[in-house]
Each structure stands twice: as structure tokens, then as C-alpha cells.
Amino acid sequence: MKFATKALRVAQDLQGPYKPVIPPIYQSATFGWENLDTIPKFDYTRCANPNKSTLEQVIASLENGKYCVAYSSGMAAIQAALGLLQAGDHLLMASDIYGGTHRLAHVLLPRQGVTCTEFCAQEPLCLKERVQPNTKMVIFEGPTNPNMRVVDIAGIASEAKKLGLITVFDNTFASPYLQNPLDLGVDVVVHSTTKYISGHSDVIGGAVITNDEAKHNFFFEFLKTVGSTPSPFDNWLSLRGVKTLAVRMKAHCENAQAVAEFCEQHPRVKKVHYPGLLTHPDHQLAKRQMRAFGGMVAIDFETVEQAKKVAQSTKIFLLAESLGGVESLVAYPPLMSHATMTEEQRLERGIPPTMLRLSVGIEDVEDLIADLDQALAQI
Ligand SMILES: Cc1ncc(COP(=O)(O)O)c(C=O)c1O
């Protein structure tokens, strides 16, 4: 089966006496046992539930992975992946990474005896210089947030493999429709399914996908022990959302390309960051690695006042955190996704206070461009 068919058909055969086309929500905390000789497939919803299991099989298949565990949020999924580390281990983390992962690695992990230093994911060869005798894992993501740098996933995975390190890649920004990191040599893929996979801004969720049975067993035990389980209804919503991932992603990518091209020629915009533009430093790498260029665009202005004015003047682009939903959003990273970093840390990562991030939705693109045009006319 190909991508769009897998999203609709994997693990979704008609079942039960009424053969519902859409699976019911199994809103039950516990399930009955036939007898004490056989442990049922589903016994207790913290560990397993039919809605969770279907979602996991679909996400695994879309990432070309064997195994998936669904979690109650993207952060819970990342915590499970980092749970492979033990006291005394060292983590190498890409400096350009989601603020929540940054906080987890620099605030929580040290309390558990795990140290973390950063590396530049634009330079896979630098891993050799940054590795320490106790380094166990590399975590990275791309396209990066918010300046949309594309990282050479296969390059980093192969350097990490030579050094004997586990690789964890956060594929939230691209979604499995645009790239499959397991195929590029990564060991573990994590997602905030809150974003493109669910796609409708109505549910928080996460997932960890791998081809390694032992690691999968660990991720399942982690979920079972910690209890970071998504509810049956949340799994049902995510499954409903993921069915349209292919058509949504096509529309996100087409609209984002048009929005980026419009902004690039606009005299009030200083710079546009979108890998689909010929001017983007990673355009060639993105063409090789991704099936299209994604739905996220960052725009830079001359002044902070201009950026804030535009963010507060759009009418269709809603001023809100998050990304990957069908509706367009505009975000101001210093007060939203990157609020926990200091101004200095943001500047080191190329995130100036003059930058806005657009999550381009699937509305009619003429309306999106007209909305940006009227907002830009106000500065
Ligand atoms: C790249 C990335 N990873 C992980 C997360 C965390 O996901 P969640 O909010 O579902 O916990 C986010 C949230 O914005 C994100 O952008």
C-alpha cells in the first residue's frame, strides 16, 4: 500500500457484529478476561487500548517503522526516548531544537545524572569533536524551528553510528509525508502528533517509532510505568486526523510555497526562511531529502515593532502557538515556542526578536496572501 492508502486502511478492517466503518471509541479503563489461562490483548487502558493500538499501527506504517508507542503528548514521547539514558550518560543535542526538548535536556536530565551538550546539526562531522567517552545518544530535528534549516539526516545518522551513538530524530515539522528518518538510518523517530499527524488543533499527543524490538519494549514499559497514555478519545481524534495527512500536506506545501514567494518579493519583508525558495541555504539538500518543502515559513523584519504589528494585524492567520493544523497561525517565537530561552540563547540560534513564524494552513491561498498583504500595508 502507498502512503495515503496506508493512512486509511492499515489495521482498520471492519470488525464486530455491526462492522462500523469508523471504529468505536473504546472508552473503558479495563477489559474482561475470558479465564485465567489467557491474558487478553487489551486488559487495562494505561497500557493498551484498541484505539491506541490502531493509531500506533498506522503511524508505524507511515514512518516505514515496525513499532510505535503513542503517548499523551509530544513531550511525553521525547521523555520516553530520552529515558534510554541512565545516570552517568551524556547526550549530544542539536542546538537548534524545540524549546521543550531544550528544557528537558538542560533542566530535568541533569537532576537524573545525565549531562547534555549541544552541537551544530548543520555540520555532521562536528559530532566527532563533541563526543565524550560517556556519550550515548544524539537528538536532533529538522526543518528547524523557526528558521527552517534543513539538516542532513543520513549524514548525522551515519556519523553517529560510527561513534556508536543512538540517534533520535524529531520529525514533527516535516511529518512522515515529507521524510522518513528511519529509512535514512535514524534509530528512533519521535513526533508531536498534536501537529501535522492529527492536523486539526483539537488534540495533544505524541509517538515514538523504531525498528528495534528491544528499544520498542523499553518505550512500552516506560509508558506502562509512567502512565503518559493518551485517552481513547484522543487516539480516536488522532486517527481521524491522520487519515487526511497526504491531502493536507500537499495543500500545506503548495500554500506555503506561494506565501513564501509573495513575502520574498514584498518590500517590507527583510528575509524569508523557507526551504522551497532558491535563496534558502539548504534548498538543494531539502530537494534531495524531502518530498516537498513543508508548511512552515519564517519571515524577518527590520524592526521588532514591525514584526509585532504584523502579528497583531492578520485576520486569517490567527495569533496562536502551535503549528500543523488546517488553519493558518502566526507565532512570535520569543514569547511563544522559544520563551524559555534567554535573548542571548535565541540570538545564538539565529532567532532574532524581529522574526515571525507562519504555520500555513489549507485555506484558499488568495485569502492568505490578501491577509498578509493588508497586514504588511500597516507597517
Ligand atoms: C518540534 C516539536 N517537538 C515536540 C513538541 C512538543 O509537542 P507537544 O506540545 O505535543 O507536547 C513541539 C511542540 O510545539 C514541537 O514543535
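Each residue, residue 279 and residue 226, gets one label point 7 Å from its Cα in the Cβ direction; the gap between the two is 4.2 nm.
Helical content of the chain, expressed as a calculated mean residue ellipticity at 222 nm, amounts to -9500 deg cm²/dmol (DSSP H runs of 4 or more residues, -39,500 (n - 2.57) each, divided by residue number, nearest 500).
Quick check: residue separation of residue 339 and residue 2 times 0.36 nm, minus the Cα distance between them. What number comes out in nm? Show your work: numbers first, answer last.
Numbers: separation 337, 0.36 × 337 = 121.32 nm, distance 3.96 nm.
My answer for the length gained is 117.4 nm.
Between residue 120 and residue 370, the contour length at 0.36 nm per residue exceeds the Cα-Cα span by 86.3 nm.
Once the dipole of region 262-379 is set up with Lys and Arg at +1 and Asp and Glu at -1 on Cβ about the Cα centre, which of 374, 332, 281 lies farthest towards its positive end? Farthest towards the positive end: 281.
Using the Karplus relation 6.51 cos²θ - 1.76 cosθ + 1.60 with θ = phi - 60°, the per-residue 3J(HN,Hα) values for region 72-81 come to 7, 6, x, 5, 5, 5, 5, 4, 5, 4 Hz, with x marking Gly and Pro.
Here the spin labels are modelled as points 7 Å beyond Cα on the Cα-Cβ line, and at residue 66 and residue 302 they lie 5.9 nm apart. Near the amide H of residue 166, within less than 5 Å, lie the amide hydrogens of 137, 138, all on another chain or at least 5 residues away, with H placed in the peptide plane.
Computed from label points 7 Å out along Cα-Cβ, the spacing between residue 378 and residue 347 is 2.9 nm.
Per-residue counts of other Cβ atoms within 10 Å, averaged by peptide: what ranking do you get for 133-146, 265-278, highest first? It would help to have the intermediate numbers written out before the result.
Values: 133-146: 22.9, 265-278: 17.7.
Ranked by mean Cβ neighbours within 10 Å, highest first: 133-146, 265-278.
Around the amide H of residue 98, modelled in the peptide plane, lies no amide H under 5 Å away from a residue 5 or more places distant or on another chain.
The convex hull drawn around the Cα atoms of the chain, when projected onto a plane and averaged over every direction, covers 19.7 nm². Among 226-237, 307-318, 17-28, 340-351, the peptide with the highest mean count of other Cβ atoms within 10 Å heads the list, and the full ranking is 226-237, 307-318, 340-351, 17-28.
Packing, taken as the mean count of other beta carbons within 10 Å per residue, orders the peptides 248-256, 205-213, 186-194 from highest to lowest as 186-194, 205-213, 248-256.
Taking 0.36 nm per residue of separation and subtracting the Cα-Cα distance, what length does fully extending residue 9 through residue 27 add? Working shown, then result.
Values: separation 18, 0.36 × 18 = 6.48 nm, distance 2.23 nm.
Result for the pair: 4.3 nm of gain on full extension.
Can you compute the FRET efficiency between residue 213 and residue 38 using 1/(1 + (r/R0)^6), with r the Cβ-Cβ distance and R0 = 25 Å? Round to the nearest 0.05. After rounding to 0.05, the efficiency reads 0.65.
DSSP loop trypsin sites (Lys or Arg not before Pro) in region 139-185 with at most 10 other Cβ atoms within 10 Å of their Cβ, which ones?
Details: sites: 149, 161, 162; in loops: 149.
Of the trypsin sites (Lys or Arg not before Pro), not one in the loops of region 139-185 has a Cβ with at most 10 other Cβ atoms within 10 Å.
Only the coordinates and a few stated rules stand behind these numbers; no lab work does. Here the structure is a predicted model, which is why all the values come from computation and not from measurement. Backbone-built Cβ (ideal geometry, glycine too); neighbour counts: all protein chains shown.
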